[in-house]
Amino acid sequence: MKNKPVFINEGGILVKIDVDALLVLEVDNNYVRFIGPDKEYTCKTTLDNALANLPPGMFVQVNRACAVSIRHIEQLDSQHVTVAGQQLVIARGYFSKIKAHLFILGDKRSMAAHALTR
């Protein structure tokens, strides 16, 4: 999928999307909303299918109905993640999965891993 353009089937029309600009993927009944800074698209699919067909490692699920672009995370704690000023709930069990996608300076585990590679 690398370097291939991504299109969303929006009501029978194929619309090219800028994956790098996407902020949040959000489930809305049988649809997924692809939310960017200026535009939003809706496609009849599952969140799992959307994540499987987007570039690997670019998005991380924060709860059963929402995934965020790791490039656009502004801050997070064990209960909330902020993307583009919007605070989203992190469900139990997802925080460690989110952290696994990030390099965290000052984190004890990243410091230990760095020490092992020296």
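The values are calculated or read from the model by the stated rules, or taken from the named source; none is laboratory data. Note that the structure is a prediction, hence the values are computed from the model and not measured. All Cβ positions, even for glycine, are placed from backbone atoms using ideal geometry, and neighbour counts span all protein chains on display.
Can you spot a residue in segment 35-57 that is touching a Phe, Trp or Tyr at 6+ places or on another chain (Cβ under 9 Å) and basic (Lys, Arg)? Yes, there is a match, as at least one residue in segment 35-57 is touching a Phe, Trp or Tyr at 6+ places or on another chain (Cβ under 9 Å) and basic (Lys, Arg). Counting the residues of segment 29-64 that are part of a loop (DSSP other than H, G, I, E, B), surrounded by 15 or more Cβ atoms within 10 Å (Cβ to Cβ) and touching a helix residue (DSSP H, G or I) at 6+ places or on another chain (Cβ under 8 Å) gives 3. Checked against the criterion of being among the aliphatic types (A, V, I, L, M) and over 10 Å from the mean Cα position of the chain (by Cα), the candidates VAL32, VAL60 yield just one match: VAL32.
Return the residues of segment 34-44 that are β-branched (Val, Ile, Thr) and at pLDDT 95 or above; say none if nothing qualifies. Selection gives ILE35 alone. Evaluated against (1) exposed (fewer than 15 other Cβ atoms within 10 Å of the Cβ); (2) touching a strand residue (DSSP E or B) at 6+ places or on another chain (Cβ under 9 Å), LEU25 falls short on exactly one condition, (1).
Can you name the residue in segment 66-109 that is surrounded by 15 or more Cβ atoms within 10 Å (Cβ to Cβ) and of a type in the set (Gly, Ala, Ser) and is also farthest from LEU23 (Cα to Cα) among such residues? Among them, the one singled out is ALA67. The listed residues are ASP77, ASP18, ASP48, and the only one of them that is over 30 Å from ASP107 (Cα atoms) and out of contact with any Asp or Glu (no Cβ under 8 Å at 6 or more places or on another chain) turns out to be ASP18. Being of a type in the set (Asp, Glu) and touching a residue at least 12 places away in the same chain (Cβ under 8 Å) is true of ASP28.
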